Amino acid sequence: MAKGMLVDLTKCMGCRGCQVACKQWNQLPAEETECNGTYENPPQLNWNTYTKVRFVEGQNNGNFFWRFIKTQCMHCKEPACASACPVGALYKSPEGATIYNESKCIGCRYCMLACPFQVPKYEWHKALPTIKKCTFCADRVAAGKKTACSQTCPSAALDFGEYDDILKKAEDKITKSPDRYINHVYGKEEVGGTSWLYISGVPFDKLGFNTSLPNKPLPHYTWQALSKIPYVVGGLAVALTGFWFICKRRDEVQKTDNK
Amino acid sequence: MQNNEKAIRLVTPGTIVLWLLILLGAVVALYRFTQGLGASTNLNDKFPWGMWIGIDVLSGVALAGGGFTIAAAVYIFNLKKYHAILRPAILTAFLGYVMVIVALMFDLGKPHNIWHQIIMWQHHSVMFEVGWCVMLYSTVLALEFSPAVLEKFKMGGGLLKIIKAFTIPLVIAGIILSTLHQSSLGSLFLIVPDKLHAIWYTPLLPVMFFVSAVMVGLAMVTFEAFISSKTFNRTLELDILSGLAKAQIVVLLIYSALKLGDMSVRGSLASAFQGTLEGNMFLLEMGLGVILPLILLVLPNVRASRGGLFISSLLVVGGLVLNRTNVSVIGMLEGSNASYFPSWMEFAVTAAVIAGGLLAFRIAVKYFNVFPSHEKPAQHNRPNPVKNTVPVLVP
């Protein structure tokens, strides 16, 4: 059954153990750091960094806050990337992971354009590059294990399990502690729902989440156009043949009249 | 006429520039295929599509729109006077598609996998539709131009007869495929409602792309007639050109009404006048590429003058390129939270692809019978009586 992950932002302490675990499990090389005024490191998600904790400082209701937000592929229920891919190199597994098969990929990067979270990253340095992104540890999950990040999380900020249980947990937490959490499970409705869910004490727009996303799954927007193709083809075939016949006939009639 | 075209030289001061551009493009290509897209372009993880998609592919396909438009006029609506410009229009469309495919080879990360489109179907992808339309319509265009090649190599027999017999089905297939392809390039951006600026994002994007492709197709045919007349010493058929101009007025009107109507219904009209980069680029695109040529073409004096027709068609072509660049690059910057300006190597490849197209057209005119030889010079400002055309084969 489909898995889910709950990220409780009130519990994350910014240790970044998840980043290290992810690099270890996926055997990704370390990256040279650069100082950008925060404790964040490495600078951004890219071809060899599938997850990264963002550090956000700000004010909410006059109170100072410092929060740590793990970012990675959200594993949408109806992924825009998978619907965009012309060769089916990206697909949704029954376990809920959005998986990339590099042997099919042609490198058009429409998935990167389509992703509302700007997650798929590219090997820009390679002559024949592939897409890189979080795999939801599909290999570990298939073997009955937790994802590497949630396995390593020491503060129980990451909770991995069956999607339905995870969603229920998120909602229960909010109901039980309305003072601790704002009443919003990020990822429950956004772009039709994502396998990764976030709960927080600070409004999501103050934490750099994209809160203007539609609740309609993005593939539905393109399907509205694609689903009309049969009618366009049929209609045009009939109309064009009709016009051709009428115009030809008119010409013939004119010629006979002239005679 | 025939002799005139045989005398076309492939090495002249002008074409040497084209050859040099192609050489530069080839060197950059070598660099791109050894060092990667990161070293050769300014594309990045936040901005995966740039100039090669915006200009070479999106604009390139639209500029090839003259092919199906003129084929429809001649074969479906039986407007015989346009027969004279059919072959050059088909040739331009075919070369345009070849240029798009070449440019795509630079842009794709794994161009050697392009054939995957044939066997790995994913019909929920707009890119799947785009890929199939390119494959099928290029084939149709090749078949539509093939009589010129078959004539040349004296293979006029059975093969030519077969192709001739299938003229109408081929033309109808070409129009359907073009309609799908032009509109699907707009549909590509339907999946980014949160990224594409509200000035351009609308569920009607496919319709906008289709109508503007017809609009620019007509302008391109006009533009090309002028270039050919200068380059190949051909007479201009003013009658044909002012007919095209009248058709352009209609399509420009339809496009303006659609675009401005849609914007006012969606409430994005105001954002065009706020002095933002997006707003100004839109005003430029709409003002110079649609409204100004519309005003010019409505004036009978302009329609009757060669210079006026040339300028207005040039404006429409420029406006279209601006529109496609706006949708795929300018309109996507803010929503992607990205910055992007093409590298010199991206410019070099685009220039090389265009240079290649121009040279290929020249070569085709030299060796094949692209311009029908029965035309007569146009009398000044007087409509030509339509000659009873010898049925020059599909196009």
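Got at least one residue in region B:316-328 being surrounded by fewer than 17 Cβ atoms within 10 Å (Cβ to Cβ) and either of a type outside the set (Phe, Trp, Tyr) or assigned to a helix (DSSP H, G or I) (or both)?
Taking region B:316-328 and keeping what is surrounded by fewer than 17 Cβ atoms within 10 Å (Cβ to Cβ), we get none.
No, region B:316-328 contains no residue that is surrounded by fewer than 17 Cβ atoms within 10 Å (Cβ to Cβ) and either of a type outside the set (Phe, Trp, Tyr) or assigned to a helix (DSSP H, G or I) (or both).
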Hand me the list of helices (runs of 4 or more DSSP H) wholly inside region A:125-199 holding 2 or more residues that are in contact with a Ser or Thr (Cβ under 9 Å, 6 or more places away or on another chain).
A:138-142, A:163-176
Would you check if there is a residue in region B:181-195 being surrounded by fewer than 18 Cβ atoms within 10 Å (Cβ to Cβ) and touching a residue at least 12 places away in the same chain (Cβ under 8 Å)?
yes
What do you reckon, is B:Ile363 at pLDDT below 90 and under 30 Å from B:Leu23 (Cβ atoms)?
yes
Checking the condition closer than 19 Å to B:Thr69 by Cβ and out of contact with any Pro (no Cβ under 9 Å at 6 or more places or on another chain), which residue from B:Leu252, B:Leu320 passes?
B:Leu320
Exclusive hit being out of contact with any Leu (no Cβ under 9 Å at 6 or more places or on another chain), among the aliphatic types (A, V, I, L, M) and in contact (Cβ under 8 Å) with a residue 40 or more places away in the chain, set B:Ala225, B:Ala165, B:Ala142
B:Ala142
Filter region A:71-104 for residues that are touching a Lys or Arg at 6+ places or on another chain (Cβ under 6 Å) and within 7 Å of chain B (Cβ to nearest Cβ) and give the result.
A:Val87
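Determine whether region B:29-39 contains at least one residue that is under 19 Å from B:Ala148 (Cβ atoms), crowded, with 23+ Cβ neighbours inside 10 Å and touching a residue at least 24 places away in the same chain (Cβ under 8 Å).
No: zero hits.
Considering only helices (runs of 4 or more DSSP H) fully contained in region B:108-165, which possess at least 2 residues that are basic (Lys, Arg)?
On the way: elements: B:116-119, B:126-152, B:158-165.
Hits in region B:108-165: B:158-165.
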Quick check: is even one residue across region A:206-222 surrounded by 18 or more Cβ atoms within 10 Å (Cβ to Cβ), farther than 30 Å from B:Leu185 by Cβ and not basic (Lys, Arg)?
yes
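Kindly indicate which of B:Tyr97, B:Tyr75 is surrounded by 22 or more Cβ atoms within 10 Å (Cβ to Cβ), within 9 Å of chain A (Cβ to nearest Cβ) and of a type in the set (Ser, Thr, Tyr). Don't jump to the end; show me each part of the working.
On the way: B:Tyr97 fails: within 9 Å of chain A (Cβ to nearest Cβ).
None of the other options fit; the residue is B:Tyr75.
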Identify, from the list B:Leu10, B:Leu21, the residue that is among the hydrophobic types (A, V, I, L, M, F, W, C), surrounded by fewer than 22 Cβ atoms within 10 Å (Cβ to Cβ) and under 22 Å from the mean Cα position of the chain (by Cα).
B:Leu21
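Out of the strands (runs of 3 or more DSSP E) lying entirely within region A:57-115, which hold 1 or more residues that are in contact (Cβ under 8 Å) with a residue 12 or more places away in the chain and more than 29 Å from A:Asp165 (Cα to Cα)?
Output list reads A:63-71.
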Residues to consider are A:Cys85, A:Cys81; find the one that is in contact with a Leu (Cβ under 6 Å, 6 or more places away or on another chain) and closer than 30 Å to B:Ile119 by Cβ.
A:Cys81
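Taking region A:107-119 on its own, how many of its residues are facing chain B (nearest Cβ under 8 Å) and farther than 14 Å from B:Ile53 by Cβ?
Pass one, region A:107-119, residues facing chain B (nearest Cβ under 8 Å): A:107-110, A:112-114, A:116, A:118.
After this cut, where a residue has to be farther than 14 Å from B:Ile53 by Cβ as well, the list is A:116, A:118.
Matching residues across region A:107-119 total 2.
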Which one is surrounded by the most Cβ atoms within 10 Å (Cβ to Cβ) among residues in region B:101-139 that are within 7 Å of chain A (Cβ to nearest Cβ) and among the aliphatic types (A, V, I, L, M)?
B:Val126
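The values are calculated or read from the model by the stated rules, or taken from the named source; none is laboratory data. Note that the structure is predicted; figures quoted are calculated from it, not measured. Heads up, the Cβs are rebuilt from the backbone with ideal geometry, glycines too, and the neighbour counts pull from every protein chain shown.
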